[in-house]
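**Student:** Questions regarding the structure given below will be posed in turn.
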Amino acid sequence: GRTVMLAVDHGYFLGPTTKLESPRKTIAPLIPNADSLMLTRGVLRTSVDANVDTPIVLRISGGTSILKELSNEGITTSIEEAVRLNACAVALSIFVGAEYEKQTLMGLASVVDRAQEYSMPVLAVTAVGKEMARDARYLGLCCRIAAELGANFVKSYYCEDFKKVVEGCPVPIVIAGGKKIEEFEALDMSYKAVQEGAAGVDMGRNIWQSDHPVAMIKAVRAVVHKNATPKEAFDLFNSLKQGKEA
């Protein structure tokens, strides 16, 4: 019932993100420690070997960049394409409170309809409008709406009173890692989220932008799968980055 998803889909709107300029080089050493990979079809086809059997969560929304209004997304990949690529789930963003809120919510509803024909789970990636705080009130609103529209699980941000967000959402929630922060902070955030009911993490930059990404993903796994405390996980990280198995 827990998961460590590795998010490497950032290029679809950020372009060649720092330390993800060469996706294959970044992804390859992390795959053995990831429960799933979240990425686009382009990166899947070009940067992940076909014999890799790690489950794929395929991002199917996009169409905008950081240069424009991010909420103006559409569906970029069909469910049939996801089936051809042997994806285990599909993911798309919803933007509650943003300019194109309705467009993204209706997109989610349509994707759920199509995905059900193939028993394909749907991950709703939640975002809130620029004027809305990332707090339990608004994140709880996003997550509940996503579940009501049929999402099988939801990706959201950790926040104060996160337990309220979890209690108000009838499907599992995984937390986003967000922008790069210090390793201990990321492990502490992961620990608090799991203890308050998160099913795990969908983390990207806080793993592969670390100077020691393999050590970091193993430390995150310890938190999510073994209930390691932030200190225990950070000690593990420090041991692994020095080449020592704890």
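**Student:** Return the aspartates and glutamates within reach of K68: Cα separation strictly under 17 angstrom, same-chain partners fewer than 8 residues apart disregarded; answer none if there are no such residues.
**Tutor:** The reachable aspartates and glutamates, counting only those whose Cα sits under 17 Å from K68, are E99, E101, E131.
**Student:** Can you tell me the relative contact order of segment 1-115? Whole percent, Cα pairs under 8 Å, sequence separation 6 or more.
**Tutor:** Taking the mean separation of contacting Cα pairs over the length of segment 1-115, I get 21 percent.
**Student:** Taking the Cα centre of segment 73-179 as origin and charging only Cβ (+1 Lys, Arg; -1 Asp, Glu), how large is the dipole, in debye to the nearest 20?
**Tutor:** Once rounded to the nearest 20, the dipole reads 240 debye.
**Student:** Still on this model: Let me know the shape class of segment 120-246, please: from the alpha-carbon gyration tensor, a ≥ b ≥ c as square roots of the eigenvalues, rounded when a/c is under 1.5, otherwise prolate if a/b is greater than b/c, or oblate.
**Tutor:** It is prolate, given that a/c is not under 1.5 and a/b is the larger ratio.
**Student:** Show that you can apply the helix-only estimate: for the chain, add -39,500 (n - 2.57) for every DSSP H stretch of four or more residues, divide by all residues, and state [θ] at 222 nm to the nearest 500.
**Tutor:** That comes out to -11500 deg cm²/dmol.
**Student:** Computed from these coordinates, which is Rg and Dmax of the Cα atoms in Å: [x] 16.1, 58; [y] 17.1, 51; [z] 16.9, 47?
**Tutor:** Looking at Rg and Dmax of the Cα atoms in Å for this model, the match is [y].
**Student:** Let me ask something else about it. Counting only protein heavy atoms and a 1.4 Å probe, tell me what percentage of the chain's accessible area is made up of carbon and sulfur.
**Tutor:** 50
**Student:** For the chain, what is the relative contact order in percent, using Cα pairs closer than 8 Å and at least 6 residues apart in sequence?
**Tutor:** 17
**Student:** Considering only R137, R59, R205, give the residue with the highest GNM mean-square fluctuation for the chain, with springs between Cα atoms whenever their separation is below 10 Å.
**Tutor:** R137
**Student:** Where nothing but the Cβ of Lys and Arg (+1) and of Asp and Glu (-1) is charged, how large is the charge dipole of segment 1-121 around its Cα centre, in debye to the nearest 20?
**Tutor:** About 300 debye.
**Student:** Which residue, V171, V220, V201, has the most motion in a Gaussian network model of the chain that connects Cα atoms within less than 10 Å?
**Tutor:** V171
**Student:** Also, I was wondering about something else. Kindly point out, ordered by number, any Cys in the chain whose beta-carbon has no other cysteine beta-carbon under 4.7 Å away.
**Tutor:** Here C88, C142, C159 come out as lacking a disulfide-compatible partner, given the Cβ-Cβ threshold of under 4.7 Å.
**Student:** Please build a GNM for the chain, connecting alpha carbons under 10 Å apart, and tell me which residue among Y138, Y100, Y118 fluctuates the most.
**Tutor:** Judging by the Gaussian network model, the answer is Y118.
**Student:** Further question on the same structure: Between T46 and S119, what is 0.36 nm times their sequence separation minus the Cα-Cα distance? Round to one decimal in nm.
**Tutor:** 23.6 nm
**Student:** Further, regarding this structure: Based on the alpha-carbon gyration tensor of segment 1-90 and its eigenvalue square roots a ≥ b ≥ c, which shape applies: rounded if a/c is under 1.5, prolate if not and a/b is larger than b/c, or oblate?
**Tutor:** oblate
**Student:** Where the only charges are on Cβ atoms (+1 Lys, Arg; -1 Asp, Glu), what is the dipole of segment 134-246 about its Cα centre, to the nearest 20 debye?
**Tutor:** 180
**Student:** Probe of 1.4 angstrom, ligands and nucleic acids ignored: what's the accessible area per residue over the chain, in square angstrom?
**Tutor:** Roughly 47 Å² per residue, with all protein chains present.
The values are calculated or read from the model by the stated rules, or taken from the named source; none is laboratory data. All of these numbers come straight from a predicted model, not from anything done at the bench. We place every Cβ from the backbone using ideal geometry, glycine too, and count neighbours over all the protein chains shown. Please note that ligands, DNA and RNA were not included when accessible areas were found on the heavy atoms of the full protein model with its side chains. Shrake-Rupley method; radii C 1.70, N 1.55, O 1.52, S 1.80 Å.
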